[in-house]
Amino acid sequence: MDEFSGRAERPAPSLTDMGRYVVEEWAEEYREGHLSRRELLRRIGVFSGGAALAGAVLASIGIHASAEELATAAVAPVPPSLLAQAPMVRPDDPSIRAQMITYPSGSASVTGYLVQPAGKPMAPGVLVTHENRGLLEHHMDVARRVAKLGYVALAPDLASPIGGTAKYQDLAQVTAFLGQTPPEQLVAMLDAGVRHLQSLASVRRDRVGAVGFCFGGGLTWRLAMQNAELKAVVPFYGPNPPSLDGVAHIRAAVLAFYGALDERVDAGIPAMRAALQQARVTYEMVVEPNARHAFFNDTGPSYNAAAAADAWTKTVAWFAKYLGT
């Protein structure tokens, strides 16, 4: 029974493991004070397809709300997005060339942000995978940072099937789509992005890597398990997939980052470490001290400048070692 209304709750809609990860991340932001209760309820309503099912989703993560409270949250205004910080690499930096492109993924078309180092006829490639809010300026800035190092970077927009991230003022709609899409479909879009990179005359086909953050870090683990041609992958605080059987198929050198205060994702470290060791995968795991989930994102409330700087230095060295420059 709903503890507020006294009515029987509807069963919670079926969630993919990545969908549950999204819902739990919102709940964690709420409990840490980064998200208001009304905004949490509003987002869960968007994710669930309406207030009628939102209560069941909330109950599944230990949070309860009355029908009246959910109805009020449903009509609340969408809060403004966090303003992006000044980019570390400007789009018009003369050392890079940036553009939006499209590439095929099965019968669909995926939009991506492609950044190439200027004046470099051939370079290794790096796929950059965004967090659960879609392809935002922060991730495009990361792609430019990667290109500034001398790599060809491609940041796919996994919200392309619904028109792309830029179409939505309410990013909860983007997150809902990503969380409700079977993860294998999202990985297929990333895998097609790797193939697109390899098809470019400016990319060394045998030197392609990947980096991903949060939701995108989890997808980066899955991509590495599926694509044996990747040479180096760097998942930032990415959740483990339900099964670690695919770890045996990883051929890339893995550098995984975690925040010491990110208990939810860190709980998966022992199992992933054991699987990597058993599969004899080349790997390192770095747990940044005093850092929370999403510590690398300089537009978010959990940004930790020291942890982000250390992680970036190590990422640069990892790509240099396993992809070259």
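The values are calculated or read from the model by the stated rules, or taken from the named source; none is laboratory data. Please read these numbers as outputs of a predicted model, since none were measured by experiment. Here the Cβ is made from the backbone with ideal geometry for all residues, glycine too, and neighbour counts use every protein chain on show.
What do you reckon, is residue 68 modelled with pLDDT of 95 or more and in a helix (DSSP H, G or I)? No: the conditions fail for residue 68. The listed residues are 248, 253, and the only one of them that is surrounded by 20 or more Cβ atoms within 10 Å (Cβ to Cβ) and either among the basic types (Lys, Arg) or more than 24 Å from residue 31 (Cα to Cα) (or both) turns out to be 253. Taking the listed residues 193, 209, the one that is touching a strand residue (DSSP E or B) at 6+ places or on another chain (Cβ under 7 Å), of a type outside the set (Lys, Arg) and closer than 14 Å to residue 234 by Cα is 209, with no other qualifying. Applying the criterion of at least 2 residues that are surrounded by fewer than 22 Cβ atoms within 10 Å (Cβ to Cβ) and at pLDDT 95 or above to the strands (runs of 3 or more DSSP E) found wholly in the range 143-238 leaves 203-213. Taken over the range 216-256, the criterion of being touching a strand residue (DSSP E or B) at 6+ places or on another chain (Cβ under 8 Å), hydrophobic (A, V, I, L, M, F, W, C) and within 22 Å of residue 179 (Cα to Cα) is satisfied by 219, 221, 223, 224, 234, 236. State whether the residues of the range 98-109 include one that is in a loop (DSSP other than H, G, I, E, B) and free of Cβ contacts under 8 Å to residues at least 60 places away in the same chain. Yes, there is a match, as at least one residue in the range 98-109 is in a loop (DSSP other than H, G, I, E, B) and free of Cβ contacts under 8 Å to residues at least 60 places away in the same chain. In the range 56-70, the residue that is surrounded by the most Cβ atoms within 10 Å (Cβ to Cβ) out of those that are in contact with a helix residue (DSSP H, G or I) (Cβ under 6 Å, 6 or more places away or on another chain) and touching a residue at least 24 places away in the same chain (Cβ under 8 Å) is 65.
Remark: pairs (first residue in the range 128-152, hydroxyl-bearing (Ser, Thr, Tyr); second residue crowded, with 24+ Cβ neighbours inside 10 Å and modelled with pLDDT under 95; Cβ separation under 8 Å; 6+ apart in sequence or on different chains) are absent. Just one of (1) crowded, with 16+ Cβ neighbours inside 10 Å; (2) modelled with pLDDT of 95 or more fails for residue 37. It is (1).
Apart from one condition, residue 86 fits all of (1) over 19 Å from residue 151 (Cα atoms); (2) of a type outside the set (Phe, Trp, Tyr); (3) in contact with a Phe, Trp or Tyr (Cβ under 7 Å, 6 or more places away or on another chain); (4) free of Cβ contacts under 8 Å to residues at least 40 places away in the same chain; the exception is (3). Going by the structure shown, is residue 264 in the same structural domain as residue 137 (by TED's automatic domain parsing), exposed (fewer than 15 other Cβ atoms within 10 Å of the Cβ) and either closer than 18 Å to residue 214 by Cα or among the charged types (D, E, K, R) (or both)? Yes; evaluated as a whole, the condition is true for this residue. Looking only at the range 62-118, residues that are small (Gly, Ala, Ser) and over 25 Å from the mean Cα position of the chain (by Cα) come to 9 in all. Which members of the range 71-83 meet the condition of being part of a loop (DSSP other than H, G, I, E, B) and free of Cβ contacts under 8 Å to residues at least 40 places away in the same chain? Listed by number, the residues that qualify are 75, 76, 77, 80.
Pairing each residue of the range 254-267 that is at pLDDT 95 or above and in a loop (DSSP other than H, G, I, E, B) with any residue that is of a type in the set (A, V, I, L, M, F, W, C) and surrounded by fewer than 23 Cβ atoms within 10 Å (Cβ to Cβ), provided the two are 6+ apart or on different chains, yields C-beta distances under 8 Å for 260/287.
Residue 273 meets each of the listed conditions (1) crowded, with 22+ Cβ neighbours inside 10 Å; (2) touching a strand residue (DSSP E or B) at 6+ places or on another chain (Cβ under 7 Å); (3) part of a helix (DSSP H, G or I) apart from (1). When you look at residue 285, is it within 20 Å of the chain's Cα centre (by Cα), over 22 Å from residue 138 (Cα atoms) and not in a helix (DSSP H, G or I), yes or no? So residue 285 fits the description; yes.
For the range 196-206, indicate whether the set of residues that are under 22 Å from residue 222 (Cα atoms) and touching a Ser or Thr at 6+ places or on another chain (Cβ under 6 Å) is non-empty. No, the range 196-206 has no match at all.
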